[in-house]
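Everything below concerns the one structure shown next.
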Amino acid sequence: MTSRTSTTPAFPQGTGHRYDVVILGGGIMGSSTAYFVKSLFPETDVCVVEPDSTYAFASTLRASGGVRVLFSCPENIEMSKFGRDFIKAFPTTMAVDGREAPVDWVTGGYLFIVPPEQMGLLEANFEAQQRHGCEVELLAPEALKARFPSMEVSDLGGGVHSTQDGWCDPNGLLQGFRRKAISLGVTYIEDRVAKLVRDRHRVTRAALASGRSIDADTFVNAAGAWSAQLCDHVAMPLPVSPLRRFEHYFTCGNPIERLPYVKDVDRLAFRSEGAGFSGGLVDGGEPRGFNFDVDHEYFERVVWPALAQRFPPFESAKCHRTWSGLYEQCELDGNPIIGRWRELGNFFVVTGFSGHGMMHAPAAGRGIAELIGHGEFRTLDLRRFGYERIEAGAPYPERGIV
Ligand SMILES: Cc1cc2nc3c(=O)[nH]c(=O)nc-3n(C[C@H](O)[C@H](O)[C@H](O)COP(=O)(O)OP(=O)(O)OC[C@H]3O[C@@H](n4cnc5c(N)ncnc54)[C@H](O)[C@@H]3O)c2cc1C
């Protein structure tokens with residue numbers, strides 16, 4: 001990709017219904033992108049098209065808020081490190097008119113536990129995380145037991161504990177990005193993209209459900225689980241599907257020590273929340289689709305046995321609430337797609353985060369802003385997450401526990 005010279009303004013000024021950059025979807029990804037484009041290139045005229053300012057079905061508001069460096073791909077580790085620092089400083093960085101942007105950050109730590117046959121992979125990931133300067137500890141079953149006495153460890157090979165990871169309030173993060181972006185001059189339009197108009201190798205127009213239309217130099221598809229629908233308008237293949245996932249709020253029913261965000265290879269994942277816990281167990285075989293139905297038996301049938309087997313005090317667990325949300329699942333390799341298709345030079349995608357989108361939104365938004373304005377990544381090199389691998393059908397999989 002070519003770089004623009006530093007003396008050339010990145011964008012011409014926009015007027016009326018013509019913008020320099022139009023972002024399709026105003027969830028965490030779209031709002032982070034809007035913030036970074038406007039911060040890095042203040043002269044840019046940016047708008048975000050988002051049909052629902054309550055975000056009733058957006059994945060962001062249904063997320064569990066976890067932020068971790070426990071990945072295998074260097075890009076994911078570095079995106080998490082940037083995201084974590086960014087989120088910790090978020091209340092003040094994103095303050096508007098002296099009003100802070102609270103995100104309720106908790107440095108609770110993360111713990112990945114694996115059976116003996118997965119220890120080789122866990123150790124390789126641990127070494128990669130150490131090389132990237134992460135605060136991680138490799139713990140044998142006895143050390144796990146000493147630290148978390150209620151844990152059943154007899155079938156485990158070990159675990160990795162990342163002490164500086166944690167979790168935050170996804171809604172606070174989204175609202176903070178949105179408010180700050182608006183304060184910098186970004187326009188949010190409450191409407192739905194009904195059609196994208198393509199003229200050979202460019203997208204020229206977004207036709208909206210209200211009948212209005214918006215022309216722009218650059219379009220960014222940040223529509224999460226809906227992003228493949230938008231790509232269909234311009235005949236761009238995008239292997240991103242909606243994958244339903246349940247999240248539960250539950251209490252333990254017995255005294256238990258304070259736990260980090262625990263994850264295992266069967267995709268059980270939970271963390272403390274107030275007097276109880278928030279978490280679930282991802283079913284990767286779930287049929288793809290826009291299904292928000294809640295299976296109220298799922299906790300008892302699937303989650304509770306896994307919890308109680310690992311931590312016997314959860315024998316008396318009680319589920320108080322279950323909700324469903326959608327992963328924007330990248331079917332090629334479970335990693336995000338951040339870039340553009342060479343057939344369509346002004347149409348960028350930032351999607352496919354497959355369960356990691358909240359924590360990676362700051363780095364992804366900054367990366368897309370750099371691509372748009374500089375023509376290349378300037379901070380983190382995210383080229384391996386580009387669209388080229390989709391075209392080539394060459395997966396770049398994440399080998400941490402996802
Ligand atoms: C249960 C659950 C738990 C999760 N836990 C975590 C976690 O612990 N940590 C983590 O990092 N991530 C987590 N995630 C993943 C994370 O929530 C997502 O990766 C992230 O929110 C994706 O953000 P987004 O902005 O791309 O999507 P969304 O938040 O879904 O935003 C997309 C927006 O696009 C809009 N849109 C749709 N169609 C159109 C259209 N035609 N025109 C214009 N706009 C449109 C929608 O209204 C929506 O607001 C979790 C997800 C779920 C479901």
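The values are calculated or read from the model by the stated rules, or taken from the named source; none is laboratory data. Everything numeric in this text was worked out from a predicted model, so none of it was measured. Every residue, glycine among them, receives a Cβ derived from its backbone with ideal geometry; neighbour counts consider all protein chains shown. Ligands, DNA and RNA are excluded from the accessible area calculation, which covers all protein heavy atoms including side chains. Shrake-Rupley method; radii C 1.70, N 1.55, O 1.52, S 1.80 Å.
When all alpha-carbon pairs of the chain are counted, what percent fall beyond 26 Å? Looking at the chain, the distances longer than 26 Å represent 53 percent of pairs.
Could you work out the relative contact order of the chain, using alpha carbon pairs under 8 angstrom and six or more residues apart, expressed as a whole percent? Each step should come with its number before you reach the end.
Numbers: 927 pairs, mean separation 94.9, N = 402.
That works out to 24 percent.
Report summary: the helix-based calculation at 222 nm, which adds -39500 (n - 2.57) for every DSSP H run with n ≥ 4 and divides by the residues of the chain, gives -8000 deg cm²/dmol.
In segment 330-373, what trypsin sites (Lys or Arg not before Pro) fall in a loop by DSSP, with at most 14 other Cβ atoms inside 10 Å? The partial results should precede the final answer.
On the way: sites: 340, 342, 366; in loops: 342.
Qualifying residues, ordered by number: 342.
Structure shown: which of 81/263; 88/180; 263/318; 88/263; 180/263 lie over 24 Å apart, alpha-carbon to alpha-carbon? Mind dumping the intermediate values first?
Working: 81/263 19 Å; 88/180 16 Å; 263/318 20 Å; 88/263 22 Å; 180/263 33 Å.
Over 24 Å apart, Cα to Cα: 180/263.
Summarised in one figure, the compactness ratio Rg/Rh of segment 80-158, Cα atoms and Kirkwood Rh, is 1.14. Expressed per residue, the C-alpha convex hull volume of segment 233-350 stands at 131 Å³.
Once you compute Rg and the Kirkwood Rh from C-alpha atoms, what is the Rg to Rh ratio for segment 146-238? Numbers along the way, then the final one.
Values: Rg = 22.0 Å, Rh = 17.7 Å.
Looking at segment 146-238, the ratio lands at 1.24.
Proximity of backbone amide H atoms, modeled 1.01 Å from N, is registered between residue 189 and 48, 49, 50 at under 5 Å, excluding neighbours fewer than 5 places apart on the same chain. Karplus-based coupling profile of segment 42-47, in residue order and whole Hz: x, 6, 6, 8, 10, 10, with θ = phi - 60° in 6.51 cos²θ - 1.76 cosθ + 1.60 and x standing for Gly or Pro.
Take each peptide in 54-64, 287-297, count the other Cβ atoms within 10 Å of every residue, and average; sorted highest first, the result is 54-64, 287-297.
Two numbers describe the Cα atoms of segment 275-338: Rg and Dmax, which are 14.3, 44 Å.
Which net charge results for the neighbourhood of residue 60, defined as the other residues with beta-carbon distances under 13 angstrom from its beta-carbon, given Lys and Arg at +1 and Asp and Glu at -1? All intermediate terms of the calculation are to be shown ahead of the outcome.
On the way: positive: 62, 178; negative: 50, 52, 169, 247, 328.
Within the 13 Å Cβ shell, the charges total -3.
Computed 3J(HN,Hα) for segment 146-154, one whole-Hz value per residue from the Karplus formula 6.51 cos²θ - 1.76 cosθ + 1.60 where θ = phi - 60°, is 5, 7, 10, x, 7, 7, 7, 10, 4, glycine and proline marked x. Across segment 262-354, the mean sequence separation of Cα contacts (distance under 8 Å, 6 or more residues apart), normalised by length, yields a relative contact order of 17 percent.
Suppose all protein chains stay in the model; what accessible area per residue would a 1.4 Å probe give for the chain, in Å²?
On the way: 15930 Å² over 402 residues.
Result: 40 Å² per residue.
Report, to the nearest whole %, how much of the accessible area of the chain belongs to carbon and sulfur atoms, 1.4 Å probe, protein only. Please list the in-between numbers first.
Numbers: 8070 of 15930 Å².
Using a 1.4 Å probe with all protein chains present, the chain comes out at 51 percent carbon and sulfur.
Calculate how steeply helix 357-374 sits against the longest principal axis of the alpha-carbon atoms of the chain, using the helix alpha-carbon long axis, and give the answer as 0 to 90 degrees to the nearest 10. For 357-374 against the chain, the angle is about 30 degrees.
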